[in-house]
Amino acid sequence: MERIPILQMGDFLLVTIQVDMHDQLALTLLDDLSERISRTSARGVLIDISALDMVDSFIGRMIGTISGLSSIMDAQTVLVGMQPAVAITLVELGLTLPGVRTALNVERGMKLLQDRVQEQ
């Protein structure tokens, strides 16, 4: 079964999506990520989607669901590397992704996570 790697970097988990997302892969990621947050007590999740050229409404909702799940498990979520076409598609689909913080790149995303965790 295809899986997206989840790397631990200190208190944070890094998810780099390098393949085209399909529905089953997104559901598997949701399960894997919830298990890893629980097992590692991660304080933040950084999701890098810079390799994605497009998203559909299901994948957009799954990103929101991942953020909500992470928040309930006391972890902040930051989405980085969004291509302009992906951002336009999400807006056109009416997906606001509540609770999802965004940053232009991994470096800014990590800084945002560190700042958010220190505020708490």
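Every number in this text was worked out from the coordinates using simple rules, so none of it is lab data. Remember, predicted model here, so these are calculated numbers, not experimental data. Here the Cβ is made from the backbone with ideal geometry for all residues, glycine too, and neighbour counts use every protein chain on show.
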Check: Relative contact order, percent, of the chain when contacts are C-alpha pairs under 8 Å separated by at least 6 residues?
Finding: 25
Next item on the list: Rounded to the nearest 10 degrees, what's the angle between the helix 57-72 long axis and the longest principal axis of the chain, both from Cα atoms, 0 to 90?
Entry: 10
Item checked: Formal net charge of residues neighbouring Arg108 (Cβ-Cβ distance under 12 Å; K, R +1; D, E -1) -> -1
Item checked: Angle between the chain longest axis and helix 106-119 axis [Cα atoms, degrees, rounded to 10] -> 50
Checklist line | Angle in degrees between helix 23-40 and the longest Cα principal axis of the chain, rounded to the nearest 10 | finding: 10
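Around Leu79, what is the net charge, scoring Lys/Arg as +1 and Asp/Glu as -1 over all other residues with Cβ under 10 Å from its Cβ?
0
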Note to self: As an exercise, identify the trypsin sites (Lys or Arg not before Pro) in the range 1-105 lying in DSSP coil whose Cβ has no more than 12 other Cβ atoms within 10 Å.
What the structure shows: Arg3
Checklist line | Whether the range 45-120 is rounded, prolate or oblate, judged on the alpha carbon gyration tensor where a/c under 1.5 counts as rounded | finding: oblate
Next item on the list: Quick one: check the C-alpha center-to-center distance for the range 58-116 versus the range 35-50, whole angstrom.
Entry: 12
